[in-house]
Amino acid sequence: MTGQALRTLATAMTLLGSWACSKVPGAPAPDAREATAATVDVASWSNPAALLEPTSPSAASAESTDLVRRIAWGPTALNPIFATLPVDYSAMELLFEPVVVRDNDLTQRINDTIVEAWEVSDDGLTYRVRFRAGLMWHDDEPWTARDVRFSWEAILDDQVRALSWKSPAAQLDDVRVVDDRTVEYVHKSVLATALANMSWPVIPEHVYGKAAERDADPTLMFSDYYMHHNRAEIVGNGAYRLVEWNPVDKLVVERWPGYAGEPARFARQILKRQDDFNMALMMLLSGEVADTGLSAQQFATQTSTAQFEAVANKAYYPSLGVAVVAWNVNGSNPFFTDIRVRRAMALAFDHEKLLALISYGLYTKPNGIFPPSHWAHNPDIVPYPYDLGRAGELLDEAGWRTDADDGYRYKEIDGEKVRFEFEVTIGKGSNLGTIPAAVFAESLGKLGVIMHQRYYEVGTMVALWKEHDFQARFSYANETRDPDFLSIGFETGAYEWGQNYGGYSNPRVDELFEKGRRTLDGEARVPIYQEIQRLLYEDQARLYMWNGAVLWAFSKDVAGVEMSPLGPARLRPGWRSWWLRTER
């Protein structure tokens, strides 16, 4: 590794440790939680200077080339109020320009691309935002403060499934239109999460607010009209506008000349879908795509060849993500409402074996929802050991006893002998899939428990989650904002309005989330979220599999990259700073 690469990594680690710095209301000071990296083979990672090399603004504006990127799955939605998965947010940042954005260190700020000025009232409750003159939508209709209020009302509508945004939007008492260019966000309380509560996307009222169309389909989702405007003719205000979207193939966008900010560097961006990581790496090596995420195996063993080094660079950054098995505890299945069963599952998960098979030292064993690199991490939680004996005792206590004839576990429920046999849903193309499931299923089999693996197209899988139609699911919990954002996955009420798909409920956790958002002092917030981490780990509504890492590869044509806990994009500057060495 070069001295420059080492300095780059040290800078990255410093940034990660201080992402929730004092410029964010309610975040701890930078030294409140020291960042720690995953245990990795240092020789296997690199962030070469050539990948980070910036370009001048004049060169950037002169770009007329296309940028072709790989995505693991197609978006589930282009209308940003329905965004659920990371790829949905990737599409959103191309097509829409929000009022609140996040920088590479994950701090949130008012977006000066579309905001001219803003101020906060003396009581801290009202944020008055003045937008720039001449803002337009992609269809050349004016972008106004009325669109902001309309979007807030639509998100809070019980019939609109804006599950990612209802919680922050509900923290506002009102969104008042002062004039076409001025809006007031009126908060119910002075909260540490004020900017997060203003971060929901804005959609055009003239498209989605037509009375006749809303009467016909108040969900804004299923009618022919809304299907068309959510998929084929999405109207945004971002740096790019939609050209083509084929969910199973690609998303194509083109530079929009009416964009309020600096023109996008690339004439078009083409996001090609490839679910298979091996095929994706081949696409990078052949020059078909400019970048791709990597599996740990690829990062450690398949990217040190002469072929790779001739055409590509790789990059590493500590992630805030945790791979989990999420249980449905809403009573729709007979297995996971009992905390003894969930704890038995944790004891039956062989972390050491799995990490030895898949991580190459790049992933680590977790002790809850916040990894060590997060400022709210609780270092005092001791992870469950691999202990099939104790797991069996807990299952016995819960009434799931081994049958002497066939060796499987059964329990009598309402007079019927029920076998402990469940299904876990996994997204096709996910690196959460085959090996982790096989390792877990092998251990459970030793206990007399059967786990079936069911692989779904991601859109289908997410639709099942939203209907609470699953028993267990493999997922990746990527905590990317203020820890309060986790409330949409764990607060009791989020079963109806958020992403608490499995029906988890703990009144103390609800109370702590409320306390955390009302606590403005950053240092005082740390123990609140540490207690949340402890309670969530004790309750085991999710089984924590591993702490992840951001592993990426780029064509050597690509430069200007800034890595982050989310990868190279989805934050500012993200792809806005990339440029291509077209002479190669």
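The values are calculated or read from the model by the stated rules, or taken from the named source; none is laboratory data. Since the model is a prediction, treat every value here as computed from it, not as a measurement. No Cβ is skipped: glycine too gets one built from the backbone with ideal geometry, and neighbour counts run over all protein chains shown. Note: accessible area is taken over every heavy atom of the protein model, side chains too, but ligands, DNA and RNA are not part of it. Shrake-Rupley method; radii C 1.70, N 1.55, O 1.52, S 1.80 Å.
List of remarks:
- Here the peptides 331-338, 366-373 are ranked by packing, the mean other Cβ count within 10 Å, and the order with the highest first is 366-373, 331-338.
- Only Lys, Arg (+1) and Asp, Glu (-1) charged, at Cβ; the chain dipole about Cα centre in debye: 1120 debye
- Accessible surface of the range 209-338 [probe 1.4 Å, protein heavy atoms]: carbon and sulfur percent: 50 percent
- Evaluated at q = 0.12, 0.21 Å⁻¹, a Debye calculation over the C-alpha positions of the range 499-584 (equal weights, vacuum) places log10 I(q)/I(0) at -0.64, -1.02.
- Protein accessible area in the range 161-200, 1.4 Å probe - carbon and sulfur %: 44 percent
- Extension gain from Leu357 to Ser223, taking 0.36 nm per residue of separation minus the Cα-Cα distance: 43.6 nm
- Whole-number accessible area per residue in Å² for the chain, which is evaluated in the context of all protein chains at 1.4 Å: 38 Å²
- Taking amide H as placed 1.01 Å from N in the peptide plane, the amide H of Glu97 sits under 5 Å from that of Asn237, Gly238, each at least 5 places away or on another chain.
- Here mean projected area of the Cα convex hull in nm² was computed from the coordinates, and among [x] 39.5; [y] 26.7; [z] 23.9 the match is [y].
- Annotation: extensible slack from Arg518 through Val178 equals 119.7 nm (criterion: 0.36 nm per residue apart, minus Cα-Cα distance).
- Extension gain, Val418 to Arg401, is 5.1 nm, computed as 0.36 nm per intervening residue step minus the present C-alpha separation.
- Under-5 Å amide H pairs with Glu423, H placed in peptide plane, nonlocal only: His452, Gln471, Ala472
- Label-point gap, in nm, between Arg128 and Glu496 - each point 7 angstrom along Cα→Cβ: 3.6 nm
- Here the simple spin-label model places points 7 Å from the Cα toward Cβ, and for Met282 and Asp103 these points are separated by 4.3 nm.
- Reach of Lys446 by Cα under 16 Å, taken over aspartates and glutamates that are not fewer than 8 positions away in the same chain: Asp350, Asp387, Glu393, Asp396, Asp403, Asp405, Asp406, Glu421
- The chain: calculated mean residue ellipticity at 222 nm from DSSP helix runs of at least 4, using -39500 (n - 2.57): -8000 deg cm²/dmol
- When DSSP beta bridges are restricted to pairs lying wholly in the range 387-482, around 40% turn out antiparallel.
- Partner lysines whose Cα lies under 22 Å from the Cα of Lys166, excluding those fewer than 8 positions away in the same chain, are identified as Lys188, Lys210, Lys466, Lys515.
- Inter-site label distance for Tyr455 and Val248 at 7 Å from Cα along Cβ, in nm: 1.6 nm
- Alpha-carbon centroid distance for the pair the range 318-364 / the range 370-433, whole angstrom: 8 Å
- Long-range HN-HN contacts of Thr182 with modeled amide H, under 5 Å: Phe131, Ala145
- Shape of the range 236-371, Cα gyration tensor, a/c cut at 1.5: oblate
- Spatially close lysines, pair count over the range 226-383: Cα under 27 Å, gap of eight or more or interchain: 6
- Pairwise centroid distance, computed over Cα atoms, of the range 448-484 with the range 206-230, Å: 28 Å
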